[in-house]
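These notes are about the structure you will find just below.
What follows draws every value from the coordinates through simple rules; no lab data is involved. Quantities reported herein were computed from a predicted structural model and do not represent experimental measurements. Reconstructed Cβ throughout: ideal geometry from the backbone, glycine too, with neighbour counts over all protein chains shown.
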Amino acid sequence: MELDLTKVMILVQRRYGAVREIYRLTKELGEAFERNDEVSASMLLQMRADEMEKADVCINQIWEMGGTDHRNQEKLRTLMQADPSEAVGESSEEKRIYEIRQRIKEMAEELRSIDQKMSQSVAREKSFYKTKAVQMENFSAQA
């Protein structure tokens, strides 16, 4: 059975929609933290977790489409793991999948930056990113 690229494209688009919503909620979360609004922050964290779950469901559905057919699995692996900024699709669906994945990648980088600033602002020394930087410094010193 041939891989349904249109369905893959739709699922990648749904994932993009979830990532866009995560981005919006993350910005609102930052504003709630600035206002010290714990009730809104708690609600936004839950809403953000729900959107993350939606994004995960899309990815899982995409991988399940490969089934047991090795060609389909390989095609999916290429579509979903190739660098979208360098990948060249053979069909219009493949090209669209890479375009959407590139937008997801760019948004994820922005999200990481916003999340890092927010975490360091709220948690200060206990920030995940602060801890991560110290771990990386220690790792580099041992290497």
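Quick one: grab the alpha carbon gyration tensor of the range 78-119, order the square roots of its eigenvalues as a ≥ b ≥ c, and give me rounded if a/c is under 1.5, else prolate or oblate depending on whether a/b is larger than b/c.
Prolate is the answer for the range 78-119, as a/c is 1.5 or above and a/b outweighs b/c.
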Can you give the charge dipole size of the range 5-142 about its Cα centre, rounded to the nearest 20 debye, using +1 on the beta carbon of Lys and Arg and -1 on the beta carbon of Asp and Glu? 40
Give the label of the value calculated from the structure for percent of Cα pairs over 26 Å apart, choosing from (i) 41; (ii) 60; (iii) 26. (i)
Hey, if you put +1 on the Cβ of every Lys and Arg and -1 on every Asp and Glu Cβ in the chain, which of Ala87, Ala49, Ile10 ends up farthest toward the positive end of that dipole? Ala49
Would you give the gap between the C-alpha center of the range 78-127 and the C-alpha center of the range 1-77, rounded to a whole Å? 11
Please compare each pair in Lys27/Lys54; Lys27/Lys95; Lys7/Lys95 to a cut-off of 24 Å on the Cα-Cα distance and tell me which ones are over it. Lys27/Lys95
Relative to the compact-globule estimate 2.2 N^0.38 Å (N residues), the Cα gyration radius of the range 1-76 stands at a ratio of 1.48
